[in-house]
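The values are calculated or read from the model by the stated rules, or taken from the named source; none is laboratory data. Here the structure is a predicted model, which means the values were calculated and not measured. Glycine also receives a Cβ, built like all others from the backbone with ideal geometry; neighbour counts cover every protein chain displayed. Note: accessible area is taken over every heavy atom of the protein model, side chains too, but ligands, DNA and RNA are not part of it. Shrake-Rupley method; radii C 1.70, N 1.55, O 1.52, S 1.80 Å.
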Amino acid sequence: MSAETLRVRGLSVSYGDALALSGVDLDVAPGEVLAVLGPSGSGKSTLLHTLAGFRDPDAGEVWLDGRLIASTEVSEPPERREVAMVFQNYALWPHLSALDTVAYPRRRRGERRADARRQALEILERLHVAHLADRRPAELSGGEQQRVGLARALACRAPLYLFDEPTAHLDTHVRGVFLEELVIRQRDSGAAALYATHDAEEALGLADRVLLLTDGQVVQVGTPEEVYSCPVDQWAAQLTGPASVLTGAVTSTRLLVRPEWVSLVPPGGDSPEGGRGQVEAVWFRGPHSEYLLDTARGRLLVREPGPPVHRRGEQVGWHLRRTWPLPVSGTGRPQVPSSVAGPE
Ligand code: ADP
Ligand code: MG
């Protein structure tokens, strides 16, 4: 009996000669959401498809609730794995209405048609698509099909949910509603979830832990705060959010600076914690503004609340409140967080 719902060890998957996943290890605990964050082509879909049973491993093992479901010897068919998956491309049945699609998982468990449909309607209501209940996929837009696919997954009662970039076709507002709904469900059901996305904000906002994937390999696993604040290398830093890399003031170290770790100050004397720079670009983002500064130590992105107060070409002063040392080679790992301004 293992404590994890999902346990993956040494998982490798290839397409012909091309290795799409290589030696992947991961665990997901009951009730936990693990975001798999990686750029396009990094192997996210391959990982989820292998867990769901649509591809077989070339090496490694997949355990679900303490049961071996995939290895080079074992391949439990998809319908026997208790896994609910939302695909990147909706995969709805063309002949079923939205209501029957969402009612299907409960019907399959033997629930009465009226009960299953009532529950299905509730879920469609929560995702704001109840008015589409009678339509078939051909009568739905891409975003609407995606919401029906999500509603169907939420209607399942599986110990493991797999989401493959499920919000790609959704408007920001609907995306928020869905993510809230997902988190509420998750907490209530004690199910585990793997959530694949290339969107750092989404991954950091919804996951308990984030796994960074590149070229089929795990680069880092940690809490959202850990992968954002203490990335293992520059690649991880750039994948998890906006990042500037400055050369150290004294030694030749490379320092990661997030836009909110630096503030603008009235132009003054240089110090190890800051300096002066010229504004190269300004962006108004609504709740805050961003400035790109050209400084002696590199280009620096700065985030300040409110609308812009400086213009292109102006000289401004900046001050670092926090930094994170990046390994020079990309192979070593930074050890301790650095806070140049002392405790925060
Ligand atoms: P992601 O979902 O992160 O975009 P994928 O898992 O789809 O990544 O792809 C990982 C790698 O495997 C990519 O290099 C992709 O080109 C390759 N790949 C994916 N599906 C196939 C396939 N059916 N046949 C051959 N190569 C594939
Ligand atoms: Mg994909």
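Listed values, structure above:
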read-out	value
Unique match (being crowded, with 21+ Cβ neighbours inside 10 Å and farther than 30 Å from residue 84 by Cβ) among 266, 231	231
Test for residue 203: is it in contact with a Phe, Trp or Tyr (Cβ under 8 Å, 6 or more places away or on another chain), on the phi < 0 side of the Ramachandran plot, open to solvent by less than 30 Å² (accessible area, probe 1.4 Å) and within 16 Å of ligand 1 (Cβ to nearest atom)	yes
Output for segment 22-42, where each listed residue is within 12 Å of ligand 2 (Cβ to nearest atom) and over 20 Å from residue 182 (Cβ atoms)	39, 40, 41, 42
Selection count where residues are within 9 Å of ligand 1 (Cβ to nearest atom), aliphatic (A, V, I, L, M) and outside any helix (DSSP H, G or I), scope segment 12-61	6
Residue in segment 179-199 that is within 16 Å of ligand 1 (Cβ to nearest atom), surrounded by fewer than 23 Cβ atoms within 10 Å (Cβ to Cβ), among the small types (Gly, Ala, Ser) and within 14 Å of the chain's Cα centre (by Cα) present	no
Odd one out for residue 217, checked against (1) among the polar types (S, T, N, Q); (2) within 16 Å of ligand 1 (Cβ to nearest atom); (3) crowded, with 22+ Cβ neighbours inside 10 Å	(3)
Residue count for segment 74-89, restricted to those that are open to solvent by 10 Å² or more (accessible area, probe 1.4 Å) and of a type in the set (Gly, Ala, Ser)	1
All positions within segment 280-328 that are among the basic types (Lys, Arg) and either outside any loop (DSSP other than H, G, I, E, B) or open to solvent by less than 50 Å² (accessible area, probe 1.4 Å) (or both)	297, 299, 303
Per-region count, segment 118-143, residues part of a helix (DSSP H, G or I) and either not assigned by TED's automatic domain parsing to the domain that holds residue 81 or not β-branched (Val, Ile, Thr) (or both)	16
Test for residue 168: is it within 16 Å of ligand 2 (Cβ to nearest atom), among the small types (Gly, Ala, Ser), open to solvent by 30 Å² or more (accessible area, probe 1.4 Å) and under 15 Å from the mean Cα position of the chain (by Cα)	yes
Scope segment 102-117; condition farther than 19 Å from residue 147 by Cβ and assigned to a helix (DSSP H, G or I); matching residues	107, 108, 113, 114, 115
Neighbours by Cβ (under 8 Å, 6+ apart or cross-chain): first from segment 75-101, at pLDDT below 90; second charged (D, E, K, R) and within 16 Å of ligand 1 (Cβ to nearest atom)	85/164; 86/164; 87/164; 88/164; 88/165
Segment 40-60 residues that are assigned by TED's automatic domain parsing to the domain that holds residue 214, paired with ones that are within 6 Å of ligand 1 (Cβ to nearest atom) (beta carbon under 6 Å, 6 or more apart)	43/20; 44/38; 46/20
Hey, residue 148 away from ligand 1 (no atom under 16 Å from the Cβ), out of contact with any Lys or Arg (no Cβ under 8 Å at 6 or more places or on another chain), open to solvent by less than 30 Å² (accessible area, probe 1.4 Å) and farther than 21 Å from residue 81 by Cα or not	yes
Selection from segment 57-73 of residues that are surrounded by 14 or more Cβ atoms within 10 Å (Cβ to Cβ) and over 21 Å from residue 31 (Cα atoms)	57, 58, 59, 60, 61, 70, 71
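This table checks each residue for (1) assigned to a strand (DSSP E or B); (2) away from ligand 2 (no atom under 16 Å from the Cβ); (3) not aliphatic (A, V, I, L, M).
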| residue | (1), (2), (3) |
| --- | --- |
| 145 | no, yes, yes |
| 150 | no, yes, no |
| 154 | no, yes, no |
| 163 | yes, no, yes |
| 174 | no, yes, no |
| 177 | no, yes, no |
